[in-house]
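Notes follow once the structure below has been shown.
The values are calculated or read from the model by the stated rules, or taken from the named source; none is laboratory data. What you see is a predicted model, and the numbers here were worked out from it, not measured in a lab. Here the Cβ is made from the backbone with ideal geometry for all residues, glycine too, and neighbour counts use every protein chain on show.
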Amino acid sequence: MNNRIRQKQLAQLISAHFKEIIRQPAVIFWGIIFPILMALGLGIAFTSQTDIVRHVAVIESNHGLSENTENKLLIQSFLENHADKIESAENKPTQYKITLSDKKLGNTTFVFEKTNWRQAEVLLKRGNLGIIMDEKNGRIEYHFDPLNTDAHFSYLKLSNIFNQNNNPDGKNIESIQPLTVRGTRYIDFLVPGLMAMGIMMSCMWGMSYGMIDKRSKKLLRRMVATPMKRSYFLISLMTVRMAMNLIESSLLFLFAWLVFNITIQGSITGLFAIFLAGNIAFGGIAIFVSCRTSNTEIGNGLVNAVVMPMMVLSGVFFSYHNFPDWCIPFIQKLPMTILADGLRSIFIEGAGFTEAMWPAAALLSIGVFFFSVGLRFFKWH
């Protein structure tokens, strides 16, 4: 009889502990939902497409491109004769598409976009493409980063198809020009993204979780009983968090400058404007997320629901152009994407103060909106 009672007690204790665990939102999120979301996001980005798509910039020339020219440039002639022209909207660059079929290794699609050097460098720095094609004195020039394996792959494929069609005599009609432009390395792309992620994580966890914890411990009830203006309390939290983020980002940049020789190519004033607006944006979102709940487990789930999708989608570690084209317009409107793109435009694209005003204004509007709504529904007890 005693053994049966003990076995029943053990079973009841196991059941009680199991129910206690699965009722916690944080456990369900991190153990079940988070791995599924990560697999879904990264799977869509890297494995959902049946074809490998590589974008190539073709530098436009002022000569040899008209219909009446007898001797057209090799690249232009090849694209007109062997590639499919992609219909684009007015004022959009002309694009061509070539698909190389391979049953064993899979198809490879090259999308050629005619542009100038300035725009080609910007696209390269943003991770939209890996190789630039130009032509001088009857020779095709390939410009790419020697350390970029995708660019090597593109070069080998492109060299093969252009030589087969444009070089029946076996002459050498191409050359490789390694790119030495600042801002084209992966570390140049990564550091601004890490700064943006640091701002988001610091505001969301430092402010949201901190306020939820204070509410659960009845500290907010005590503070609101004092002659304190409520908005001042929230603004003070944002100010302190902004100062901490400035220190953290400065140390990250100092490390990257000393070790990897990273520089800021654009406006310092514009950089501070975007940095300030990014802190206000995520500070406002943090206040909105934590405005009602006093349960720290629910708070964990709410913060993660905001943070994790943007960390995967917004291009911190890789370009969000790896995702399908239909979802890119939505990704570009995420606060994290606006902040990361704005910081990169200053760091590696040389954007000026005027160019930094649009992302700064967008982030500031997001922050003011969520701060106002969060303050309106904020629960102090």
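So here's what we get for this one:
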{"item": "Enumerated helices (runs of 4 or more DSSP H) restricted to the range 176-224, each holding at least 3 residues that are under 29 Å from GLY284 (Cα atoms) and within 14 Å of the chain's Cα centre (by Cα)", "result": "186-203"}
{"item": "Subset of the range 239-267 [part of a helix (DSSP H, G or I), of a type outside the set (Phe, Trp, Tyr), in contact (Cβ under 8 Å) with a residue 24 or more places away in the chain and closer than 24 Å to GLU349 by Cα]", "result": "ASN245, LEU246, GLU248, SER249, LEU252, ALA256"}
{"item": "The lone exception for ARG215 - which of (1) within 17 Å of PHE288 (Cα to Cα); (2) out of contact with any helix residue (DSSP H, G or I) (no Cβ under 6 Å at 6 or more places or on another chain); (3) without any contact (Cβ under 8 Å) to a residue 24 or more places away in the chain it fails", "result": "(3)"}
{"item": "Matching residues, the range 225-238, being closer than 17 Å to PHE378 by Cβ, surrounded by fewer than 13 Cβ atoms within 10 Å (Cβ to Cβ), without any contact (Cβ under 8 Å) to a residue 12 or more places away in the chain and of a type outside the set (Phe, Trp, Tyr)", "result": "ALA225, THR226, MET228, LYS229, SER236"}
{"item": "Any hit, the range 325-344, residues being more than 30 Å from ARG54 (Cα to Cα), part of a loop (DSSP other than H, G, I, E, B) and not charged (D, E, K, R)", "result": "no"}
{"item": "Extreme residue, farthest from PHE253 (Cα to Cα), among residues of the range 324-337 that are in contact (Cβ under 8 Å) with a residue 40 or more places away in the chain and buried (at least 21 other Cβ atoms within 10 Å of the Cβ)", "result": "PRO335"}
{"item": "Selected residue (only one of GLU121, GLU135 is closer than 19 Å to GLN76 by Cα and of a type in the set (D, E, K, R))", "result": "GLU135"}
{"item": "Only one of TRP358, TRP380 that is modelled with pLDDT of 90 or more, surrounded by fewer than 21 Cβ atoms within 10 Å (Cβ to Cβ) and either over 19 Å from the mean Cα position of the chain (by Cα) or in the same structural domain as ALA225 (by TED's automatic domain parsing) (or both)", "result": "TRP358"}
{"item": "Single match in ASN300, ASN304 (criterion: of a type in the set (S, T, N, Q), in a helix (DSSP H, G or I) and within 19 Å of ALA196 (Cβ to Cβ))", "result": "ASN304"}
